[in-house]
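Encoded as structure tokens, the structure appears first; notes follow it.
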Amino acid sequence: MLIIPAIDLKEGKVVRLFRGHFDKKKTYSSNPVNTARHWEKQGAKYLHVVDLDGARTGRICHLGVIREMASSVRIPIEFGGGVRDEKSIKQLLNCGVERVVLGTKLQDEKFLCRVFREFKQKVIVSIDAQDKVVKLSGWQREYKRSGVLELIRKLEAIGFKEIIYTDIARDGTLKGPNIALVKKMLKYSHLSITVSGGISSLVDIYKLRPLGKQGLAGIIVGKALYEGKFTLREAMKLV
């Protein structure tokens, strides 16, 4: 199981939002590349980078930053936010991104089938939900055609082996993850799941750790690391 530091980008800076609200942000660094180097030095094996401006506008806004970041660290980077077509996926992979995260495009099943055939494990879908409602476009719009579990089944049918799940209601709150829901998702499908949202302490990670045997592939941690609730090394040692 991986402990994956999150680097959320807004206007060229590393920030954290509260439940996805763009007017409730806290800035942690004005140099995202240095932040990536920092997490690599701390022992990170993977980085999760989100272009918040891209997610909201529908176009990648931090391509230069991610290109420099990918060339500055040796560890793999997954990147999402504003990816809406195959051209963008190829562009990111050519920049050195290991895996491209798709969110809003989960509403287009034909697109998902097409890119999975072409890129296989180089693309992964992130299901971001609040109170069982899936959100799109930087969490600004609701997706009403399917719930979380139905989407998981659709992605599994397409051929995806892993997804990211973000609990919006807990993201940036430091209130702990919804472990019961994570267990339900793991039991419901054969997909591996990386979870995000609400991690507040080593206790949360300790509670999630047994789920690694059931398919929990990783835990994305943001605010808790930036606020010094625990260190990356402590979390990695625990799992």
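Values quoted throughout were computed directly from the atomic coordinates according to the rules given, and no laboratory measurement underlies them. These numbers come from a predicted model, not from an experiment. No Cβ is skipped: glycine too gets one built from the backbone with ideal geometry, and neighbour counts run over all protein chains shown.
Rounded to the nearest 20, the size of the Cβ-charge dipole of the chain about its Cα centre is 320 debye, with Lys and Arg at +1 and Asp and Glu at -1. Electrostatic tally near Leu202: other residues with Cβ closer than 13 Å to its Cβ, Lys and Arg +1, Asp and Glu -1, net +3.
Based on the alpha-carbon gyration tensor of segment 1-126 and its eigenvalue square roots a ≥ b ≥ c, which shape applies: rounded if a/c is under 1.5, prolate if not and a/b is larger than b/c, or oblate? Oblate. Summary value for segment 1-137: 19 percent relative contact order, contacts being C-alpha pairs under 8 angstrom separated by 6+ residues.
In terms of other Cβ atoms within 10 Å, Thr104, Thr57 run from fewest to most in the order Thr57, Thr104.
FRET efficiency for Arg209 and Lys120, Cβ-Cβ distance as r, R0 = 25 Å, nearest 0.05? Don't skip to the end; give the middle numbers.
On the way: r = 29 Å, r/R0 = 1.16.
That pair, Arg209 with Lys120, gives E of 0.30.
Report the net charge of residues surrounding Glu11, where surrounding means a beta-carbon distance below 10 angstrom and charges are Lys +1, Arg +1, Asp -1, Glu -1.
With Lys, Arg at +1 and Asp, Glu at -1, the net is +2.
For segment 28-138, lysine pairs with C-alpha atoms less than 22 angstrom apart, excluding pairs fewer than eight positions apart on the same chain, total 17.
In terms of the Cα gyration tensor, with a ≥ b ≥ c the square roots of its eigenvalues, is segment 2-238 rounded because a/c is under 1.5, prolate because a/b exceeds b/c, or oblate? Walk me through the intermediate numbers first.
Values: a/c = 1.35, a/b = 1.06, b/c = 1.27.
The shape class here is rounded.
When only Cα pairs under 8 Å and 6 or more residues apart are kept, what is the percent relative contact order across the chain? Mind showing how you got there, number by number?
Working: 492 pairs, mean separation 47.2, N = 239.
In percent, rounded to a whole number, it is 20.
The antiparallel fraction among DSSP beta bridges confined to segment 1-83 stands at about 50%. Residues whose amide H comes within less than 5 Å of that of Val123, counting only those at least five positions distant or on another chain, are Val100 (H built at 1.01 Å from N in the peptide plane).
For the chain, modelled as a GNM whose springs connect Cα atoms under 10 angstrom apart, the maximal fluctuation among Lys223, Lys87, Lys154 occurs at Lys87.
Where is the GNM fluctuation largest for the chain (alpha-carbon springs, 10 angstrom cutoff): Lys207, Lys26, Lys105? Top of the fluctuation ranking is Lys207. Among Gly172, Gly222, Gly64, which one shows the biggest mean-square fluctuation in a GNM of the chain, springs joining Cα atoms closer than 10 Å? Maximum fluctuation in the GNM of the chain, among the listed residues, is at Gly64.
Modelled spin-label separation between Ser72 and Leu149, with each label point placed 7 Å from Cα along the Cα-to-Cβ direction: 4.4 nm. Charge tally for Pro177 (other residues, Cβ to Cβ under 13 Å; Lys, Arg +1; Asp, Glu -1): +4.
Restricting to bridges with both residues inside segment 2-238, how much of the DSSP beta-bridge set is antiparallel, in percent to the nearest 5?
30 percent
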